[in-house]
Structure formats: structure tokens, C-alpha cells
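The values are calculated or read from the model by the stated rules, or taken from the named source; none is laboratory data. On a predicted model such as this, the values are computed, not experimentally measured, just so you know. No Cβ is skipped: glycine too gets one built from the backbone with ideal geometry, and neighbour counts run over all protein chains shown.
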Amino acid sequence: MRARPLRVAFFVQGEGRGHMTQALALKRILEDGGHEVVAAFMGENPLRTIPEFFRTAFAAPIHTYLAPVFVVDPVDKGVRPWDSLFQALRRFPRYWRQGPDLDRTFRSYQPDLVVNFYDLIGGLYSAVFRPQVPMVAVGHQFLFHHSEFETPKERAFQVNMIRVNNLLTSLDARLRLALSFSPLSPVPYRRVRVVPPLLRREVLEAEPVDGRHLLAYVLNPGYSDELVAWHKEQSDLELHCFWDKTDAPPEYSPREGLTFHRLSSDTFLKLLASCRGYTSTAGFESVCEAAYLGKPISLVPTKKHVEQLCNALDAERAGLAVWREDFHLSDFLSKLESWDYEALEEYRRWVRSAPGTFLQLLEAVALGKDAMQMKLASRAGGRVRIP
């Protein structure tokens, strides 16, 4: 054996910005630890292409393929789970035909380790084509296997569907890393370890200030109507909103004081660091970023999106956010002056432990060690002995 840096490949889900920013954060951690991220493999679809901010920031080859997408209702608010499932089944032959080309491209990079950021095609590819490369699966969704993660009993079917999807995205994974707002015990029978959120260095180094504007991020563009209607009652308030509307201009202002922005990493972070408060459709990643910057948070889970509902419940449990069912934010505004910031410093310490945690666990998997049982030291990283 000889000591050398690891060559790591990523599979990244292209639905929403969270998995992409996690990939950027882990790429930086690995490179700071002396390793190399050789390529990313990403699913996309006609409704959601890979944002330019990710292509620019990743700075390594990106290979794309057709991937499943959530089907939303006619006004772009709620998820239609059955339609999403049936559409994926109808298109399955098209997904399957991509396999041989994907396999040839993947093997050409000769990676020592693959990290899958909750991409279904990536999980199925590894299980079917067996590239003989150890895989680690990363996603907050793996918390659905933890007894301390609250799920609504009336949504038991949807919760179990998420658990099935978790297994499909990580069929061949040696380890599942569950991103969490707070530390929790491992789940050995599912090979799940709970780890801190992965935040971009730009977020960790940002200097928050108390501005006067509110910032919003919505997964589905249909929520823009709610924000416009509410803003008419708050004509003196400056409100900025990011949406995933690919045919929209970079900036769109339907009325004075309200601006919609297409996804842009730098602009989003600038407005987040300087906002008075943050509201979103309960995606995991932006909640983590806003909490790290010490911002009050109000969450509105996307309708029929049980994963986002559980995110909202868990953020409330951790003391990081409140949640409601619509974007009428007057109650949230009234609470800003008396917001309780006590939980935020403990959360920030948890986040700062991420680099050492991820380096040790990923290096252990690459070397064939039992990462479920190992105790973490204060530091890790560098060259490892690869056969």
C-alpha cells in the first residue's frame, strides 16, 4: 500500500439547492484535508436544470443525466406524491438506458470513494452496476430512521415511502450520514450516524448584520402569489424572495419593496447575512444557514411534502424556528423583537465540528474500517494508505 490522497466522486440530487450546497461544502473539506474530488454526477430534468452557481463553484467535471422530479399541483404549491411516483415509473426505461454510459464515465475516473447526496439514480447505479467503490450516503432524510425524529402519525404512508426512498438511494452504502440540527445517537441496524450540517465556507465566514428587510426562499414558484398578497398589507416592508423559476429574469419586482430573485449563491448569502428575519418552505439547508447566522426563522412546509413538515417540526424541537401553514407573516414580524437566541450558540458549536467528523468517517470507509463503531478524534485528514 502507498499513502496518497483519496480520489472522491459525488452523486448529487439536482432537486432544490440544499444537496448542491452540501456537496460544495464537503468538496472544500475534502480538499482542505488533502484529498481530490474528481467529478460530480447529477440528475436534472427540463423543469430544473443545474444552476449556474453550482457549475461555477464546483470547479470540476459535472456529468448529468435524466432524473425523477416531484410533480407539483397546478398552482405550483403542493407536491403530488402519487403523480410523482407514476411519472417516475413511466420514465423508468429511459432512466435505465442511461446506465451503461454512466458506468463507463464513472469508472474512467477510478475513484477510491463515492459520496451520494441523496440521488436515486446514483444509489441504483451503485447497487446494479457494482463498481466496487465504497459508497457513503449523505442526507438529513436518514433521520427518518431515528426514534427521536418526530414524524406525523397521520402521514404514516408518506413517512414510510421516504424510508423506502432512503434505502433505494443508499442500497450499497457502507455508511449513511444523517445531517441533523443537533447531536443524536447512532442507529446501528440501518448503518446511520448522525452528523452536523454541511455549510459552505462562505456561510461560516460571513459576518451577519441586522438589516431591515425580510428574506424568503420558496421551493415552488406558486407561493409567490401568497407573498405578493401579504406584502400588499406591509407596503413599508422590504421583502426579497428567491425562487426556482428558470424562465424568470434574474430579478423581478411585481410591486415596490418586493423583489424576486433567481437562484444565485452570492446574492442569497449577502441578503441572508443582512436580513431581519428569514422565511422559507422548510428545506433543510437554508434553515441551517440562517440559524448559523443567528436569524429568526419562520417555516412554511410545502403542501403534501411530508419531509418538509418533519424538517419544520425538528427545527422547532431544536429551538431554531417556528412554523406555520402559509406565508402570511404578520405574527412572525411581531415576534422578531423578542426572539429567543439561546439555542443558536450550541448549534453553531455543533456545525463547527463538521470538518473533522466528515474527514474521519469518510477516510475510515475508504480504508474498509468500521465507521459505525469508531470514536472521533479532534482532527483528521491528509493522505491515507490505499491498496
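Of the residues making up segment 247-293, those that are over 20 Å from PHE58 (Cα atoms), touching a Ser or Thr at 6+ places or on another chain (Cβ under 8 Å) and hydroxyl-bearing (Ser, Thr, Tyr) number 7. Listed by first and then second residue, the pairs linking a residue in segment 188-202 that is not assigned by TED's automatic domain parsing to the domain that holds ALA315 and surrounded by 22 or more Cβ atoms within 10 Å (Cβ to Cβ) to a residue that is basic (Lys, Arg) and assigned to a strand (DSSP E or B), with Cβ atoms under 7 Å apart and 6 or more places separating them unless they lie on different chains, are VAL192/ARG176.
Restricting attention to segment 42-51, does a residue exist that is at pLDDT 90 or above, surrounded by 17 or more Cβ atoms within 10 Å (Cβ to Cβ) and not hydroxyl-bearing (Ser, Thr, Tyr)? Looking for residues that are at pLDDT 90 or above, surrounded by 17 or more Cβ atoms within 10 Å (Cβ to Cβ) and not hydroxyl-bearing (Ser, Thr, Tyr), one finds at least one in segment 42-51, hence yes.
Any residue in segment 300-312 that is surrounded by 22 or more Cβ atoms within 10 Å (Cβ to Cβ) and under 15 Å from LEU227 (Cβ atoms)? For segment 300-312, residues surrounded by 22 or more Cβ atoms within 10 Å (Cβ to Cβ) and under 15 Å from LEU227 (Cβ atoms): present. Taking segment 269-296, which residues are free of Cβ contacts under 8 Å to residues at least 60 places away in the same chain, crowded, with 24+ Cβ neighbours inside 10 Å and either farther than 22 Å from PHE53 by Cα or charged (D, E, K, R) (or both)? Listed by number, the list holds a single entry, PRO296.
Listed residues GLU325, GLU316, GLU285, GLU289; which is modelled with pLDDT of 95 or more and either of a type in the set (Asp, Glu) or within 18 Å of the chain's Cα centre (by Cα) (or both)? Step through it out loud before you land on a result.
On the way: GLU325 fails: modelled with pLDDT of 95 or more; GLU316 fails: modelled with pLDDT of 95 or more; GLU285 fails: modelled with pLDDT of 95 or more.
Criteria check complete, one pass: GLU289.
If only residues of segment 123-143 that are assigned to a helix (DSSP H, G or I) and in contact with a Ser or Thr (Cβ under 7 Å, 6 or more places away or on another chain) are counted, the one that is nearest to VAL287 (Cα to Cα) is HIS140. Filtering segment 355-387 to residues that are basic (Lys, Arg), modelled with pLDDT of 55 or more and under 21 Å from ALA25 (Cα atoms) leaves only ARG383.
For segment 235-254, a residue qualifies if it is more than 19 Å from LEU272 (Cα to Cα) and crowded, with 16+ Cβ neighbours inside 10 Å, and exactly one does: LYS245. Scanning segment 327-359 for residues that are over 30 Å from PRO221 (Cα atoms) and crowded, with 21+ Cβ neighbours inside 10 Å turns up PRO355, PHE358, LEU359.
Cβ separations smaller than 6 Å between residues 6+ apart or across chains give the following pairs from segment 17-41 residues that are at negative phi to residues that are assigned to a helix (DSSP H, G or I) and basic (Lys, Arg): ARG28/ARG201; VAL37/LYS27. Among the residues of segment 10-45, none is identified as assigned to a strand (DSSP E or B) and out of contact with any strand residue (DSSP E or B) (no Cβ under 8 Å at 6 or more places or on another chain).
Of everything listed in (1) under 28 Å from LEU219 (Cα atoms); (2) under 21 Å from the mean Cα position of the chain (by Cα); (3) at pLDDT 90 or above, the single unmet condition for ALA156 is (2).
Of the residues that sit in segment 165-183 and are in a loop (DSSP other than H, G, I, E, B) and not acidic (Asp, Glu), which one is surrounded by the fewest Cβ atoms within 10 Å (Cβ to Cβ)? Step by step, filter segment 165-183, then rank; the result is PRO183.
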